Amino acid sequence: MTDQGADAAGRTLPLRHSDDIQGDILAGFRKDHETVLLLRFPDDQRPVRKWLRLMIPQIATTRQVAAFNAEFSAARHARAGIDPAGLSPTWVNLSLTYAGLKFLMGEEPFPDTTLPGVQAFIHGAFARAEINGDEGDSAPDHWLFGREDQPVHAVLTIASDEQAQLELRASELRVAAARAGLTVAFEQVGATLPGDAKGHEHFGFKDGVSQPGVRDFDRPDPRDPIHVDGKPGTRILPAGEFVIGHPKLTGDAPPLPDWTRNGSFQVVRRLAQDVPAWWAQAGAARRQLEQEGVELPPGTGTEWLAARVVGRWRSGASVAHNPNTEPPTKPGAPDDNLISYATDENGHTTPHFAHIRKTNPRDGIAGDFKNADTRRIIRRGIPFGQPFDPSSGAGHGPDTDRGLVFIAYMADLAEQFEFLQQRWINDKDFFQTDAGHDPVIGKDSDITLKLDTKPEGKKLHFAQFVRTEGTIYAFAPALTTLRDLAGR
Ligand code: HEM
């Protein structure tokens with residue numbers, strides 16, 4: 001077995017051993033069940049500090065989660081892909097909103113409040129709704145959490161593979177919070193979808209395929225050190241893109257105070273998905289192409305169009321490498337991430353509007369990865385609600401709540417999450433391509449499907465069937481900072 005804690009030359013990967021950076025940022029919790037508790041502090045600081053002191057030993061560190069994940073993967077490998085039994089911790093992490101940090105610090109936490117990322121954090125997601133394209137049905141006045149009249153100070157993320165264990169832990173944490181006078185402003189549960197749908201989001205596509213690699217955390221491939229070992233195409237980026245106080249890709253990092261070191265900004269977003277409507281729309285768009293005489297490859301149907309909209313087939317295989325048919329899944333094969341758009345400048349294979357091209361244009365901007373690499377985020381989302389399957393009875397129909405609990409970590413809310421939402425997802429003229437908005441999560445728009453047989457493009461209308469139902473901006477501080485706040 002390779003030593004996951006060191007690179008090929010035996011040099012340790014220091015961030016794998018961090019007891020300061022909280023778990024789930026660099027080392028994902030990767031659990032089947034998750035509960036997110038949004039907590040409100042009482043007026044008195046003392047019980048809150050006491051609560052924080054109780055919480056600190058329960059918070060998972062990067063070292064713990066990374067070591068567990070490595071052990072779990074090795075055991076799974078040894079058992080030919082079957083999850084090992086008996087390896088089942090319950091992980092917890094904790095982040096604070098601007099209001100929560102200010103409350104515990106007793107003063108303005110940031111010496112320079114004019115930095116764009118700090119401004120975004122201070123104002124919060126409610127005030128930034130317009131930037132993020134949250135309007136109409138997604139407008140913040142309709143949100144279930146994150147509204148101005150519902151203050152949130154802390155976010156607890158609890159994750160386990162066993163639902164019963166998760167529920168037990170969540171109730172213990174609720175009791176501890178209540179004893180200190182904290183109230184639960186909102187509770188969001190999430191779970192991976194059952195059976196073969198595990199690892200897929202509600203529209204049916206495999207999720208979590210493309211994540212950034214992180215220097216000093218991920219093991220570089222000895223033959224191709226810009227990529228993660230065993231994960232072709234997963235580019236290794238400086239840790240400062242995601243964790244404060246580490247080198248960034250370009251330029252100096254914004255001057256953030258010392259207490260932010262080893263912390264990460266977090267976005268928690270509840271995104272409702274109207275599955276039947278989204279697929280009906282893809283089907284209608286496919287029929288429109290046929291009716292209007294657009295020449296399509298033989299045998300291509302709605303799945304073909306939907307794959308173009310996402311940029312991947314349901315299995316996670318890329319359209320870039322499999323333009324017209326979904327390839328058979330090869331068990332144990334690495335994720336399909338060695339993707340370049342440099343030879344698909346016109347977007348005839350992976351359209352410019354495709355969700356994965358909009359949110360990570362890779363080398364499709366000026367021929368290199370530089371720009372796109374500075375906009376990467378670490379995604380830790382999990383679905384909520386039952387899968388859509390009207391034949392399965394109650395809970396599976398079109399009226400039931402379902403969607404994605406989108407959770408992401410990054411070093412700068414303005415330059416990463418908000419930039420993606422505003423400048424790429426909801427920019428119709430994405431790099432002067434007339435792409436339209438992202439047809440998975442963007443606002444209603446015409447998209448332009450360009451094909452070899454239709455290079456000038458065909459316009460198709462895509463309405464938004466992902467609705468924002470709440471957003472919180474928070475910061476997951478280092479354990480050192482949490483101890484300092486608890487001890488003040
Ligand atoms: C319900 C909402 C969403 C759905 C159904 C969805 C679905 C997907 C799917 C199927 C993939 C391809 C698999 C993968 O690489 O993980 C993907 C990738 C991705 N998504 Fe989303 N997503 C949603 C929301 C978002 C949001 C809000 C953002 C950011 C603002 C986002 C950013 C990304 C990024 C960065 C990638 C990876 C692109 C790449 O590197 O190739 N997604 N998403």
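Each reported figure results from applying straightforward, stated rules to the coordinates on display, with no laboratory input. Given the structure is predicted, the values throughout are model-derived calculations rather than measurements. Don't worry about glycine lacking a Cβ; one is built from the backbone with ideal geometry, like all the others, and counts go over all protein chains shown.
With the checklist (1) among the β-branched types (Val, Ile, Thr); (2) within 16 Å of the ligand (Cβ to nearest atom); (3) buried (at least 20 other Cβ atoms within 10 Å of the Cβ) in hand, flag the one item Ile226 doesn't pass.
For Ile226, the exception is condition (3).
With the condition being under 21 Å from Tyr473 (Cβ atoms) and near the ligand (Cβ under 10 Å from one of its atoms), I'd like the strands (runs of 3 or more DSSP E) fully within segment 377-456 carrying at least 3 qualifying residues.
Numbers: elements: 382-384, 403-410, 445-451.
Those strands (runs of 3 or more DSSP E) span 403-410.
Among the residues of segment 115-153, write down those that are among the aliphatic types (A, V, I, L, M) and more than 24 Å from Ala272 (Cβ to Cβ).
If we filter segment 115-153 for residues that are among the aliphatic types (A, V, I, L, M), which is where we start, we get 115, 118, 120, 122, 125, 127, 129, 131, 139, 144, 152.
Matches in segment 115-153: Leu115, Val118, Ile122.
Restricting attention to segment 377-394, does a residue exist that is hydrophobic (A, V, I, L, M, F, W, C) and on the phi > 0 side of the Ramachandran plot?
no
I'd like to verify a number: residues in segment 298-329 that are among the polar types (S, T, N, Q) and closer than 19 Å to Lys198 by Cα, how many? Show your work before the answer.
At the first step, the residues of segment 298-329 found to be among the polar types (S, T, N, Q) are 300, 302, 315, 318, 322, 324-325, 329.
Okay, now just the ones that are also closer than 19 Å to Lys198 by Cα, so 315, 318, 329.
Going through segment 298-329 one residue at a time, the tally reaches 3.
Of the residues Leu156, Leu237, which single one is within 15 Å of the ligand (Cβ to nearest atom) and touching a residue at least 12 places away in the same chain (Cβ under 8 Å)?
Values: Leu156 fails: within 15 Å of the ligand (Cβ to nearest atom).
None of the other options fit; the residue is Leu237.
All but one of (1) within 15 Å of the ligand (Cβ to nearest atom); (2) surrounded by 21 or more Cβ atoms within 10 Å (Cβ to Cβ); (3) closer than 27 Å to Leu404 by Cα hold for Pro334; state the number of the condition that does not hold.
With (1) within 15 Å of the ligand (Cβ to nearest atom); (2) surrounded by 21 or more Cβ atoms within 10 Å (Cβ to Cβ); (3) closer than 27 Å to Leu404 by Cα applied to Pro334, the lone miss is (2).
Across segment 349-376, what is the number of residues that are assigned to a loop (DSSP other than H, G, I, E, B), closer than 16 Å to Leu237 by Cα and hydrophobic (A, V, I, L, M, F, W, C)?
Residues in segment 349-376 being assigned to a loop (DSSP other than H, G, I, E, B), closer than 16 Å to Leu237 by Cα and hydrophobic (A, V, I, L, M, F, W, C): 1 in total.
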